[in-house]
1. Taking only the range 261-285 into account, find how many residues are touching a helix residue (DSSP H, G or I) at 6+ places or on another chain (Cβ under 8 Å) and closer than 21 Å to L249 by Cβ.
2. What are the residues in the range 69-84 that are surrounded by fewer than 22 Cβ atoms within 10 Å (Cβ to Cβ) and aromatic (F, W, Y), if any?
3. Tell me which residues, restricted to the range 271-294, are open to solvent by less than 70 Å² (accessible area, probe 1.4 Å) and part of a loop (DSSP other than H, G, I, E, B).
4. So, in the range 186-234, of the ones that are open to solvent by 90 Å² or more (accessible area, probe 1.4 Å) and in a helix (DSSP H, G or I), which residue ends up modelled with the highest pLDDT?
5. Exactly one of these conditions fails for P35: (1) surrounded by 13 or more Cβ atoms within 10 Å (Cβ to Cβ); (2) in contact with a His (Cβ under 9 Å, 6 or more places away or on another chain). Give me its number.
6. Within the range 176-185, count every residue that is under 19 Å from Q155 (Cβ atoms) and either modelled with pLDDT under 85 or part of a loop (DSSP other than H, G, I, E, B) (or both).
7. Can you name every residue in the range 50-64 that is without any contact (Cβ under 8 Å) to a residue 40 or more places away in the chain, open to solvent by 30 Å² or more (accessible area, probe 1.4 Å) and either among the small types (G, A, S) or assigned to a helix (DSSP H, G or I) (or both)?
8. What number goes with the only condition from (1) closer than 27 Å to E122 by Cβ; (2) surrounded by 13 or more Cβ atoms within 10 Å (Cβ to Cβ); (3) not basic (K, R) that F91 does not pass?
Amino acid sequence: MTTTSEKPTATPVPPTAEDPQARQTPTHRFTGGLPWIEDAGNIAPRDARVLSKLFFDRLRNLDEGTREYQYARNTLIEMNQSLVWFAVGRFRSRGNGEMEDIVQVGTIGLIKAIDRFDLSREVEFATLAIPYIVGEIKRYFRDATWAVHVPRRLQELRVDLTKAREQLVGPLGREPTVVELAGHLGLSDEEVVDGQMASNCYTTSSIEAPTDGVDSGKTGANSRSYAETIGAHDPAMALVEDFHTLAPLLEQLGDQDRRIIEMRYGQELTQRQIGEELGFSQMHISRLLSRLLTRLRAGMLTDQ
């Protein structure tokens, strides 16, 4: 998964002696008067809270797009990555092997919180950031992780059904029925069934996955994939119905007419060979075949 331009970048390195402007741009000037932090991602959360206030206070006085502004903003992102990991922990069971994507989505929420935070309101940054991060992750699950697109109403109903099931399993000691789920949520049975069907669209399985419970890492005579159980297209199957319709029509033909049909289409003889076999001219055989085929075709269309 790729993120937008809001994806946090690495902490910029201060100018070195090789930089022509380094001699004229001291580190404290490059950082906008803020302390230089070499590895902001390893700062303890308690220290990050204190430093964040300092960086936010300086950030609002810097011009957006300047090197000083970028340093302050990037450092805030790195210092507060622990908030992203804290929020991501709530969705660990829903990650489906995509935890890296979820972390990046959560980081986008963190960036939005940083850009909207106002230190003058005297509210802790984490109080604002966590809802932004969680909201961004929920939006990702809602819009990007469904294998098949379903209406928003059914996506939300899936969540309600999951919560209702967890609440009812304990008291009932078994899985709740559709009627019990409908009564608990104040919905109709049909709505609950629609929600359950929509839940099947949340994830999909590969047709190469084993279908018989055999460990996918093992091979054996009984191991097969779902793809191997799918029949291939057989063009001859389309002729089965025609053959069933044609059989009684052939029974109605005379012996000579049936023999001509069998020799032409069963033995695949030419009209000349059929004529020689029956003692007729090729032209006569051609007229007989044309008449027989017209009769059979009309009979098949009439029966259908």
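1. Total meeting the criteria: 5.
2. Y69
3. G279, S281
4. Per the criteria, the residue is E190.
5. (1)
6. Of the residues in that region, 0 qualify.
7. Within the range 50-64, V50, L51, L54, R58 meet the criteria.
8. Of the numbered conditions (1) closer than 27 Å to E122 by Cβ; (2) surrounded by 13 or more Cβ atoms within 10 Å (Cβ to Cβ); (3) not basic (K, R), the odd one out for F91 is (1).
The values are calculated or read from the model by the stated rules, or taken from the named source; none is laboratory data. These figures come from a predicted structure and were not determined experimentally. Using ideal geometry, Cβ is built from the backbone for each residue, glycine included, and neighbour counts are taken over all protein chains shown. Note: accessible area is taken over every heavy atom of the protein model, side chains too, but ligands, DNA and RNA are not part of it. Shrake-Rupley method; radii C 1.70, N 1.55, O 1.52, S 1.80 Å.
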